[in-house]
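Remarks on the structure that follows.
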Amino acid sequence: MSSGKLWRGQTLEDRSTDRREQMLAVAETLLGNGGTGAVTMRAVVREANLSPRYFYESFESTEQLVTAVYDRVTEQLLAQIAGIERPADLRGSVRALLEVFREFFQDNPGRARILLREPLADDVLRAHRAATVPGFVETVLGMVADENSLAPERLAVISSALTGALVALYLDHIDGRLALTPAQLSDAAVDLVFAVTRIGATDA
């Protein structure tokens, strides 16, 4: 097979994978700094120093690239969540998870724009987020709510409410509308989780 031939120690498939990762990394920076409007085919290949033909080797459209970046950043967050040690008590465990969430955005504000802000403004990302409930929200719900006891539509409502509440909280903090210390922000996030899930359980 032609893909098995080596060029500078790499197969054609290897080089294609590398180019895709290169464009994803560039697009993540563009999306995090300038939003979806900054992610164009020309901008991506220019920053990646690639020919335009390579863009369509990996992506059908900029919309597909943007959703791939969203998924890539979500996977980064989930990987960090998976590696934490959680206290035995429920509230402490939820707080530990949300501390990772806070630090993830604090370390790189562009990630907050990608996962929190852009889905509010862009139809493609809004639909994508709705179709793929953020993994960290799913993880939180699994910790504090008996998902098996709730009807799917009720679980969807709780998930939507919790996502909206947490997004609003973190964006208000990032934008300076809530002057909270890191500890206060985490306390507020934990309080929101238990308030929303408690209401959901009561109303179910």
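The values are calculated or read from the model by the stated rules, or taken from the named source; none is laboratory data. Here the structure is a predicted model, which means the values were calculated and not measured. With ideal geometry, Cβ positions are generated from the backbone for all residues, glycine too; neighbour counts draw on all protein chains shown. Side chains are part of the model used for accessible areas, which takes the heavy atoms of the whole protein and leaves out ligands, DNA and RNA. Shrake-Rupley method; radii C 1.70, N 1.55, O 1.52, S 1.80 Å.
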query: Has segment 77-86 got at least one residue that is open to solvent by 60 Å² or more (accessible area, probe 1.4 Å), among the polar types (S, T, N, Q) and under 30 Å from residue 194 (Cβ atoms)?
result: yes
task: Could you check residue 32 against (1) farther than 28 Å from residue 133 by Cα; (2) touching a Gly at 6+ places or on another chain (Cβ under 7 Å); (3) among the small types (Gly, Ala, Ser) and say which number it fails?
output: (1)
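What's the total number of residues in segment 25-63 that are more than 24 Å from residue 109 (Cα to Cα) and either assigned to a loop (DSSP other than H, G, I, E, B) or in contact with an Asp or Glu (Cβ under 6 Å, 6 or more places away or on another chain) (or both)?
Of the residues in segment 25-63, the ones more than 24 Å from residue 109 (Cα to Cα) are 42, 49-61.
Next cut, either assigned to a loop (DSSP other than H, G, I, E, B) or in contact with an Asp or Glu (Cβ under 6 Å, 6 or more places away or on another chain) (or both) only: 49-51, 59-61.
Total meeting the criteria: 6.
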statement: Over segment 129-139, the set of residues crowded, with 17+ Cβ neighbours inside 10 Å and in contact with a Phe, Trp or Tyr (Cβ under 9 Å, 6 or more places away or on another chain) is 129, 136
- prompt: Does residue 37 count as open to solvent by 40 Å² or more (accessible area, probe 1.4 Å) and more than 27 Å from residue 138 (Cβ to Cβ)?
  reply: yes
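Filter segment 54-63 for residues that are touching a helix residue (DSSP H, G or I) at 6+ places or on another chain (Cβ under 9 Å) and open to solvent by 60 Å² or more (accessible area, probe 1.4 Å) and give the result.
Our first condition is that a residue be touching a helix residue (DSSP H, G or I) at 6+ places or on another chain (Cβ under 9 Å); within segment 54-63, this holds for 54-59, 61-63.
Hits for segment 54-63 are 56, 57, 63.
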